[in-house]
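S.K.: Below is one structure. I have some questions about it.
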Amino acid sequence: MTTNYIGQPISRVDGRAKVTGQAKYAGEYNVPNLAYGVVVSSAIAKGRIAEIDASAALGLKGVLQVFTHKNAPPTAKSDQSYWDEVAVPGSPFRPFKDDKLLFSGQPIALVVAESFELARYAASLVQVEYEPEAHATDLNQQRDKAYKPKPREGVAPPPPPRGNPDKAFANSAVQIDAEYSVPAEHHNPMEPFATTVIWEADGRLTVYDKTQGTPNSHQYVCNVFGLSPDDVHLLSPYVGGGFGSGLRPKYQLFLAVMAARGLKRSVRVTLTRQQMFTIGHRPRTLQRVALGAAKDGKLEALIHEALAETSQFEEYSEPVVQWSGELYKCENVKLDHALANLDINTPVDMRAPGATWGLYALESAMDELAYKLNMDPLELRLKNYAEKDFSNNKPFSSKELKECFRQGAERFGWSKRTPEPRSMRDGGKLVGWGLATGIWETTQLPAGAKAVLTAEGKLTVGSATADIGTGTYTIMTQIAAESLGLPIEDVTFTLGDSTLPRAPVEGGSFTAASVGSAVKQVCDKIREKLVTVAKAMPKSPLANAKSEEIAFADGRMMLTSGPSRYVSIKEVMRHGGLSSIAETADSTPDFEKQSKYSIHPHSAIFAEVKVDEDLGTIDVLRVVSAIAGGRILNPKTARSQIMGGIVWGIGMALEEESVIDQKFGRFMNHNLAEYHVPVNADVQNIDVIFVEEHDSIVNPLGIKGLGEIGIVGTGAAIGNAIFHATGVRVRDLPITLDKVFAGAAAARPVKLAPAA
Amino acid sequence: MNNFSYTRATDITSAVNEASREATAKFIAGGTNLIDLMKENVARPTRLIDINRVPLNRIEETKDGGLRLGALVTNADTAYNDQVEKRYPLLSRAILSGASAQLRNMATDGGNLLQRTRCYYFYDVATPCNKREPGTGCSAIEGFNRMHAVLGTSDQCIAVHPSDMCVALAALEAVVRVTGKNGDRAIPFSDFHRLPGDTPQIDTNLEADEIITSIDLPPKGFADHHAYLKVRDRHSYAFALVSVAAALEMDGNKIKGTRLALGGVAHKPWRSKEAEELLNGKAANSDNFQAVAETVMHGAKGFGHNTFKIDLAKRAIVRALKHAAQMEAPR
Amino acid sequence: MAAGAIMRVEQNTQANTQTVSLPSSTKITLTINGVRRELQVEPWTTLLDLLRLNLDLTGTKKGCDHGQCGACTVLVDGKRINSCMTLAIMKDGSEVMTIEGLAQNGALHPLQQAFIEHDAFQCGYCTPGQICSAIGLMREGHATTADEIRESMSGNICRCGAYPNILAAIQQAMAHRRNVDRVAGERSVNPIANERSVNP
């Protein structure tokens, strides 16, 4: 049937808008009488503002106001008012609260003017006197101040130890005990954060905000500014990338709303690229992984400890070590996650938060263990394959990881690998093959959707979710079209609007499952209405059919047993005298059913690198990633999601690092020339395999979510390939060329096999 | 960005006159570096003199058989010019390894010589920098200095010149022709850029009212034996950690003449005549090239994050010389 | 830093306090997407800000405002450039083509079509710049192999990581263009007409 869209490689429904420049992002609504706000950022990390002199700025004709902590209009007093849907324990950052400086780059003034250029110029004239205090921004120096964080909602703390890990490790025949260091990273979506606040004639606000959740930003604005939900309409139809950076409201939202209310006119605030380095980041994290194994490779002890940075005002924690207890069969496991407070902004979830770091360390350590055991790294993983989740003794709802290994290895040609480091060559360069495993979590959250079917057979479905490039518009359109058997051109999905039924922020790979279930449910309600009407039609072919015996396809309703007899949906609408059918639905996960299982997508990643050992330069020639991610709604957009994750894995492995100058407590490479993300020339062959995986537990659609599994493990696979190529084990990311060539010089004595 | 006045010059004389009237005026051509710096409040000219319509946009032969690159020819037009590709392929390679296609379409040859350092501290007005604000101190020396210089540094400044093109021009011994209130001058390339010394705020020996009119390439282009090797943190669109322009004159396996210039290691493209002369009359082999590398980097000093550049530069020199001598194919 | 000390960080010590009112703007002429426009611009307005703020042509994106991402790529007099690093006033008299000028009478350019087919974008924010850059690349004619195209497109960052699909889309558009050229070449010997028919 032509309206079976689920599982089809449908091109993005928002594609035309994006390739023609018609898709409008938050900072692109040019309304009459718009004023422009430019943020002045703190030059120091800690202390107080002694004086701000804005007189030169205010002296310019066309400058409307310079807002600072001294003249900011009052907003809510209690911390609770600033807690957003994904806030972490602590006291959220409140712009312009007082004269205290909590991190370098903190917003300290907002200059609002008639034009963008004037505001920018005036902002440069604001003179600030600081009273600095000594700051601490080096995680390494705060090791002795580590503490166990308060639990964060939605992030389970590491489970208590099982067995006797320290003793088992001490008694193991083969041991690996290594520390891995990973740097701070910034999301750097291509679109800078921006908010356009439109001051409506009646004083209500229409707000276009770059966010991964319009309900979250909407609620924040209402709470902070004491507005009723009807006073604020918050929209975010297109988001130029998020990767987690837009989960929590960003300070430009606060500033733009504050200024619009203060000036009673429309205001836009857009951050500069430099300011994109002041809004939170993936935290620098130090990890210890100790693995003890028997000589046959059986894991006897697994210890994984992490220390991560957070701010002085919030305890941001992410699931770094949990995965180690779930991925392998091991009786003696100890997992620990600690924080240290620094004078930095609070870290923010960034693509596969926690798992990206944790699996890098775990899967690098597993590779080290494989060499020590003289065992194939793939064989080691199969040897310790967990058929159930040993961390909570639950069965997996589904786990096709073995099939990922099999299909990935076959596609990659893993069997042709020679085991010794430095044993494979191409011309004068060393070649290395490495692998790693990935794991993420599948979550389904409550979500709402509404739908309207018109007499003409046009369907509009909406939910206040987001499409940050993930393909939400497209897959929801597919689900809705297939559910009601309508041509996809007749279906419109709307999102990013606070007036639509509530949906969670788009993150955690849970949108497809959560919102998809709501869309399915609301369409099913329309189905039921149509069935009732259709059965009552004279000579209805469906008269005696049960609901489940009726199929919807090609704009028609028919018996599944005899599709040649049908009624068209338009006929049904006409017969029922219906100008439209409108429904809403709230989908709630079957928590009871799900709680009996451990639910995860998995992956096996294989990477090939070519290394110039003299210069240390690395080419990632191929990455094959085999994904067990449940049902694939759209192989085209799904592949893109995984490919994007792999490109992130390349960046993480080789390039990305936000460097703090400890003297200034400030990220210094705060631009896209010096914070390196992969460019086109860095990326060669990427091969994505979706392994068939059926899961009736996760949700009725069998979806596991794909936004994050693509990056998890990829960095380790590349690092492991570099070791195989060179014999150099770099345990601090990124693996830049200086670490490789210096290591290669030292590593040369390793046994050399004849050149391949 | 400050407010400024804008003047459009259509000939050299009026451009120079405009500049000499206002000490804080600046010429603008491609704009790829100046506008960048103005947006960061690092450059704050009171007037921009747009010289894009001044007729300096041709590439033509010089009387001595060399090639004259008009100061306003774009980097892209230079790199893809038939004569440059054929006679000075080293220059083409160097240009094409820098920036992006878009920037090369905008940036001019004269402007390329005048681009300023990419030092993080120079660019960030929240931090002290002797180059930006003389006397405030150098933040890089004890700070984050991965990109910084290991040769020719001073206790005032360890910035590097970011250009790729200039590294090739140094090796080719180009001549920079300039004109100003006091008439025309021809500046040998090695004298054009300065070391930081006690005046790191001054990058070049160009006077404030002087304008570059052309860059003249001598007849010798080293088309047969040359290499440009750029080592950087990603495969494209990144500044050099170390780059090497190598050019050889060969007689069989014997070397008759050597030109070697380094980028990414100093405040200016780095030449070592002493090292180059080592190869005269010698065979092209790894040992001889290694000796050159050691001599070039003799006295180099690292500052922590950038110390690896000393070793890397040696490796890159050997590799580039091997490529130039065609001992191995460039990869 | 010593506690209690006062530190003054002056972002801009050279405020032109004499220019407290805006100097008068200048009239320039630009032909944008085939339409000639007379515009009043201030000298410090970049071509990018002119397009986005003054002319509501928001298809051209601001990703970094410093020539480091390529999102602002447009074609000026047929060449791809970063509009963020260009003052509008400097381009007086030029022809500018933005993403909004690519589709003709509602029909997508083959490159736009190829971007959709190959899913060569996700969030879409870098996409107009990628497409304009690829148009420039095809006109330049220097890049033909996969590696050359990757290198030549490296001035356009895609944080979503769609690079392999961007490459595939460009290769498809190049193949399409070769076909069009071949067919047109059989019919006509006027290469300029072909150029126009393919590249608006």
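S.K.: Residues that are within 14 Å of chain C (Cβ to nearest Cβ): list the strands (runs of 3 or more DSSP E) wholly contained in the range A:580-698 that include at least 2 such residues.
M.R.: Here the list reads A:617-628, A:685-690.
S.K.: To continue, here is another question. If residue A:375 meets every condition in (1) more than 25 Å from the chain's Cα centre (by Cα); (2) part of a helix (DSSP H, G or I) apart from one, which number is that one?
M.R.: For residue A:375, the exception is condition (2).
S.K.: Among strands (runs of 3 or more DSSP E) lying entirely in the range A:176-241, which contain 2 or more residues that are within 14 Å of another protein chain (Cβ to nearest Cβ) and in contact (Cβ under 8 Å) with a residue 40 or more places away in the chain?
M.R.: Details: elements: A:194-199, A:205-209, A:232-235.
In the range A:176-241, A:194-199 are the strands (runs of 3 or more DSSP E) which contain 2 or more residues that are within 14 Å of another protein chain (Cβ to nearest Cβ) and in contact (Cβ under 8 Å) with a residue 40 or more places away in the chain.
S.K.: Cβ-Cβ below 6 Å, separation at least six or inter-chain, first residue in the range B:1-17 and under 30 Å from residue A:126 (Cβ atoms) and at the interface with chain C (Cβ under 8 Å from one of its Cβ atoms), second part of a strand (DSSP E or B) and not hydrophobic (A, V, I, L, M, F, W, C): which pairs?
M.R.: Short answer, once both residue conditions are applied: B:4/B:47; B:5/B:47.
S.K.: In addition: Could you please find all residues in the range B:190-209 being closer than 27 Å to residue B:48 by Cβ and modelled with pLDDT of 95 or more? Talk me through it step by step, then tell me what you get.
M.R.: Just the residues of the range B:190-209 that are closer than 27 Å to residue B:48 by Cβ, to begin with: B:192-194, B:196, B:199-209.
Correct list: B:192, B:193, B:194, B:196, B:199, B:200, B:201, B:202, B:203, B:204, B:205, B:206.
S.K.: Please specify each residue of the range A:103-162 satisfying the condition of being among the polar types (S, T, N, Q), free of Cβ contacts under 8 Å to residues at least 24 places away in the same chain and either surrounded by fewer than 19 Cβ atoms within 10 Å (Cβ to Cβ) or not assigned by TED's automatic domain parsing to the domain that holds residue A:268 (or both).
M.R.: Initially, the range A:103-162 is screened for residues among the polar types (S, T, N, Q), giving A:104, A:106, A:115, A:124, A:127, A:137, A:140-142.
Next, from what is left, pick out any that are free of Cβ contacts under 8 Å to residues at least 24 places away in the same chain: A:124, A:141.
If the condition is that a residue be among the polar types (S, T, N, Q), free of Cβ contacts under 8 Å to residues at least 24 places away in the same chain and either surrounded by fewer than 19 Cβ atoms within 10 Å (Cβ to Cβ) or not assigned by TED's automatic domain parsing to the domain that holds residue A:268 (or both), then A:141 is the only one that fits.
S.K.: Looking only at the range A:282-302, filter to residues that are over 27 Å from the mean Cα position of the chain (by Cα) and part of a strand (DSSP E or B); which one of those is surrounded by the most Cβ atoms within 10 Å (Cβ to Cβ)? Spell out how you get there, then give the answer.
M.R.: Taking the range A:282-302 and keeping what is over 27 Å from the mean Cα position of the chain (by Cα), we get A:290-302.
If we keep only those that are part of a strand (DSSP E or B) too, we end up with A:290-293, A:299-302.
Values: A:290: 21, A:291: 28, A:292: 26, A:293: 27, A:299: 23, A:300: 20, A:301: 24, A:302: 31.
Among those residues, the one meeting the criterion is A:302.
S.K.: Out of (1) in contact with a helix residue (DSSP H, G or I) (Cβ under 9 Å, 6 or more places away or on another chain); (2) assigned by TED's automatic domain parsing to the domain that holds residue A:472, the odd one out for residue A:564 is which?
M.R.: With (1) in contact with a helix residue (DSSP H, G or I) (Cβ under 9 Å, 6 or more places away or on another chain); (2) assigned by TED's automatic domain parsing to the domain that holds residue A:472 applied to residue A:564, the lone miss is (1).
Condition check ((1) outside the structural domain of residue C:65 (by TED's automatic domain parsing); (2) farther than 28 Å from residue C:29 by Cβ) across all residues:
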site: C:92; (1), (2): no, no
site: C:138; (1), (2): yes, no
site: C:145; (1), (2): yes, yes
site: C:150; (1), (2): yes, yes
site: C:158; (1), (2): yes, yes
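S.K.: Here is a follow-up. Consider residue B:136 against the criteria (1) closer than 24 Å to residue B:308 by Cα; (2) surrounded by fewer than 19 Cβ atoms within 10 Å (Cβ to Cβ); (3) within 14 Å of another protein chain (Cβ to nearest Cβ); (4) not aliphatic (A, V, I, L, M): it satisfies all of them except one. Which criterion is unmet?
M.R.: Every listed condition holds for residue B:136 apart from (1).
S.K.: Follow-up. Among the candidates C:115, C:121, which residue alone is outside any loop (DSSP other than H, G, I, E, B) and under 25 Å from residue A:26 (Cβ atoms)?
M.R.: Values: C:121 fails: outside any loop (DSSP other than H, G, I, E, B).
Sole residue among the options that is outside any loop (DSSP other than H, G, I, E, B) and under 25 Å from residue A:26 (Cβ atoms): C:115.
S.K.: Residue C:124 passes all but one of (1) more than 10 Å from chain A (Cβ to nearest Cβ); (2) free of Cβ contacts under 8 Å to residues at least 40 places away in the same chain; which number fails?
M.R.: Single failed check for residue C:124: (1).
S.K.: Considering each residue of the range B:222-239, count those that are part of a loop (DSSP other than H, G, I, E, B) and in contact with a Leu (Cβ under 7 Å, 6 or more places away or on another chain), and give that number. First the steps, then the outcome.
M.R.: Narrowing the range B:222-239 to residues part of a loop (DSSP other than H, G, I, E, B): B:222-225, B:233-239.
Next, from what is left, pick out any that are in contact with a Leu (Cβ under 7 Å, 6 or more places away or on another chain): B:222, B:225, B:233.
Count: 3.
S.K.: Out of (1) within 12 Å of another protein chain (Cβ to nearest Cβ); (2) touching a strand residue (DSSP E or B) at 6+ places or on another chain (Cβ under 7 Å); (3) closer than 29 Å to residue B:295 by Cα; (4) touching a residue at least 40 places away in the same chain (Cβ under 8 Å), what's the single condition that is false for residue B:143?
M.R.: Every listed condition holds for residue B:143 apart from (4).
S.K.: Right, something else. Mind listing whichever residues of the range B:51-61 are surrounded by fewer than 22 Cβ atoms within 10 Å (Cβ to Cβ) and either touching a Lys or Arg at 6+ places or on another chain (Cβ under 6 Å) or more than 7 Å from chain C (Cβ to nearest Cβ) (or both)? Lay out the reasoning, then the answer.
M.R.: Here is the first cut: in the range B:51-61, the ones surrounded by fewer than 22 Cβ atoms within 10 Å (Cβ to Cβ) are B:52-53, B:55, B:57-61.
Hits for the range B:51-61 are B:53, B:55, B:57, B:58, B:59, B:60, B:61.
S.K.: Scan the range B:31-49 for residues that are in contact with a Leu (Cβ under 8 Å, 6 or more places away or on another chain) and at the interface with chain C (Cβ under 8 Å from one of its Cβ atoms) and jot them down.
M.R.: Listed by number, the residues that qualify are B:31, B:32, B:35, B:48.
S.K.: Does any residue of the range B:111-133 turn out to be surrounded by fewer than 21 Cβ atoms within 10 Å (Cβ to Cβ), more than 12 Å from every other protein chain (Cβ to nearest Cβ), in contact (Cβ under 8 Å) with a residue 60 or more places away in the chain and over 16 Å from the mean Cα position of the chain (by Cα)?
M.R.: No, the range B:111-133 has no match at all.
S.K.: In the range C:121-155, which residues are closer than 25 Å to residue B:81 by Cβ and touching a strand residue (DSSP E or B) at 6+ places or on another chain (Cβ under 9 Å)? Before you say what the answer is, go through the steps one by one.
M.R.: Step one: list which residues in the range C:121-155 are closer than 25 Å to residue B:81 by Cβ, which gives C:132-145, C:147-155.
Scanning the range C:121-155 gives C:132, C:133, C:134, C:135, C:136, C:137, C:139, C:140, C:155.
S.K.: Just to be sure I understand the filter: pairs with C-beta atoms under 7 Å, separated by 6 or more residues or on different chains, first member in the range A:684-697 and more than 16 Å from residue A:412 (Cβ to Cβ), second member at pLDDT 95 or above and β-branched (Val, Ile, Thr). Which pairs pass?
M.R.: That search, which allows pairs on different chains as well, returns A:697/A:599.
The values are calculated or read from the model by the stated rules, or taken from the named source; none is laboratory data. Note that the structure is predicted; figures quoted are calculated from it, not measured. Glycine also receives a Cβ, built like all others from the backbone with ideal geometry; neighbour counts cover every protein chain displayed.
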